[in-house]
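Read the structure below first, then the notes.
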Amino acid sequence: MAEFEIETQENIRFVRAVLRDEAIRTEAGALSYMRGAVSMSAPIPGPLTLMRASLSAEAAIRPTFRGSGDVFLEPTLGGYYALQVNENPWILDRGAYWASEASVSVEVHREKVMNAYWTGAGFIDFHTRVSGRGKVVLNAPGPVEEIDLGDEELAVEGRAVIARSSRVRFYVRRPSRGFISSWLSGEKLLRVYRGPGRILLAKTPYWSELLLKTTRDLRS
């Protein structure tokens, strides 16, 4: 199995994939550099996948790297999380997919029409669906907490949940039952995740570390 190592330099995080006669997929444009006997290919998907990608922020073409060596991916101001997928599919938020082992199937998931509408995506909203068995690296804005939901729900304002297992029900509702109470509270619509299943929550962004370091450098 390919190894994904999340490394940090100067408070900037990046992913290093170690291949030993193996293959991985990555998000389009994620490559920084590669070393060793590694080749890259970018297979063209079918017309249906291309059409879905044109209606969403998800990439239609995801390059495949194959061979033995190291593949270094571009750093971001956020961070990463390595998710182990074991047959049960996961639904990833838009932009969360970063890389995966070739044994993982990467497909398209369409949200329900009303969920897409109330989250501001319009009537059509496509996300990434991963299934199979292997590691998937997610692009996260900050530290990730994995929460196992029983017969309960988690209500979140904004896009703090970057992934959910396919068994988790997702819908959108007002903060309170009454329209006036919701309006007076100043809170927007909530994204609700209902168990059983698991979710990945990233509530605190890493960029605060970068701002703190920049402030200290300016003062010194």
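Among (1) within 19 Å of Val136 (Cα to Cα); (2) buried (at least 17 other Cβ atoms within 10 Å of the Cβ); (3) modelled with pLDDT of 95 or more, there is one condition Val38 misses while meeting the rest; what is its number?
Unmet condition: (1).
Given the options Glu22, Glu27, name the one that is surrounded by 12 or more Cβ atoms within 10 Å (Cβ to Cβ), within 26 Å of Ser165 (Cα to Cα), of a type in the set (Asp, Glu) and modelled with pLDDT of 90 or more.
The conditions single out Glu27.
If the Cβ limit is 6 Å and pairs must be 6+ apart or interchain, which residue in region 97-108 that is touching a residue at least 60 places away in the same chain (Cβ under 8 Å) pairs with which residue that is outside any strand (DSSP E or B) and of a type outside the set (Gly, Ala, Ser)?
Listed by first residue and then by second, the contacts come to Tyr97/Glu27; Trp98/Glu27.
Return the residue satisfying two criteria in turn: it lies in region 41-54 and is closer than 28 Å to Leu77 by Cβ and surrounded by fewer than 16 Cβ atoms within 10 Å (Cβ to Cβ), and of such residues it is modelled with the lowest pLDDT.
Per the stated criteria, the residue is Ser54.
Just to verify a result, which residue in region 132-175, among those that are touching a residue at least 24 places away in the same chain (Cβ under 8 Å) and of a type in the set (Lys, Arg), is surrounded by the most Cβ atoms within 10 Å (Cβ to Cβ)?
Here the residue is Arg164.
Which condition breaks for Lys188 when tested against (1) within 21 Å of Arg13 (Cβ to Cβ); (2) at pLDDT below 90?
Result: Lys188 passes all but (1).
Could you list, in sequence order, all residues of region 2-17 that are more than 21 Å from the chain's Cα centre (by Cα) and not charged (D, E, K, R)?
Of everything in region 2-17, just one residue is more than 21 Å from the chain's Cα centre (by Cα) and not charged (D, E, K, R), namely Gln9.
Among (1) of a type in the set (Ser, Thr, Tyr); (2) at pLDDT 60 or above; (3) more than 23 Å from Lys135 (Cα to Cα), there is one condition Ser165 misses while meeting the rest; what is its number?
(3)
Out of everything in region 78-106 that is of a type in the set (D, E, K, R) and modelled with pLDDT under 95, what residue ends up being surrounded by the fewest Cβ atoms within 10 Å (Cβ to Cβ)?
Glu87
Looking at region 201-215, is at least one residue of a type in the set (Phe, Trp, Tyr), under 23 Å from Tyr81 (Cβ atoms) and at pLDDT 80 or above?
no
Whether any residue in region 147-156 is outside any loop (DSSP other than H, G, I, E, B), on the phi < 0 side of the Ramachandran plot, small (Gly, Ala, Ser) and at pLDDT 85 or above is what I want to check.
Checked region 147-156: at least one residue is outside any loop (DSSP other than H, G, I, E, B), on the phi < 0 side of the Ramachandran plot, small (Gly, Ala, Ser) and at pLDDT 85 or above.
The values are calculated or read from the model by the stated rules, or taken from the named source; none is laboratory data. Worth saying up front: this structure is predicted, and the values here are computed from it rather than measured. All Cβ positions, even for glycine, are placed from backbone atoms using ideal geometry, and neighbour counts span all protein chains on display.
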